[in-house]
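Notes for the one structure printed next.
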Amino acid sequence: MTDTPEFEDTNFMLSALNAYGVLEDDSTKRWAKAFLIAPAIRVIFELSLLALDKSCNEIHLPNTGVSAKHKENVSYVHSLFKNNKFQDYLQAGRIVFDTYQEAHNVIENTDFGESVEYSSLGSHKSMKDYDIDTIMRLSNDAVLFAMLCQQYVQFKKQGV
């Protein structure tokens, strides 16, 4: 996490998830926590988009008002993460990833747009149709997206 003021709300959500989001072994508690975490996944994506939009003048989301068309906005930002120089930046500072290849593979193979789409459905109805592994994957994707958004802002501030 960075200390960029625009990401304060995002970081608060990530800290809460870290402190209270660990899924217990007990089946009942595990499902109860998963049901609480599930709607927060969409919020993490949305707060990350809002913060990115506010803190980086070079980024122009395809849809103003990040609440509309999340998938398109998230997919656009994901395309920014695929920049080789950004992946070099992540690897050089050992930020999130240890090697360029690891950064490249994870960024290329994670479908953040699909994850935000699933999370939107879950936040508006229920995650009861999803298994815990799906909720965990969506949560991990949201956290990774938030971290990459913050790092992208730092990367752009370096004038790259």
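The values are calculated or read from the model by the stated rules, or taken from the named source; none is laboratory data. Predicted, not measured: the structure shown is a model, and the values here were computed from it. Backbone-built Cβ (ideal geometry, glycine too); neighbour counts: all protein chains shown. We work out accessible area using only protein heavy atoms, side chains counted, and drop any ligands, DNA or RNA first. Shrake-Rupley method; radii C 1.70, N 1.55, O 1.52, S 1.80 Å.
What to note about this one:
- Counting the residues of segment 141-160 that are surrounded by fewer than 19 Cβ atoms within 10 Å (Cβ to Cβ) and of a type in the set (Gly, Ala, Ser) gives 1.
- Hits in segment 114-129 (condition: open to solvent by 20 Å² or more (accessible area, probe 1.4 Å), closer than 11 Å to Ile41 by Cβ and at pLDDT below 80): Leu121, Ser123
- When Leu49, Leu80 are screened for being at pLDDT 90 or above, surrounded by 20 or more Cβ atoms within 10 Å (Cβ to Cβ) and more than 25 Å from Asp131 (Cα to Cα), only Leu49 passes.
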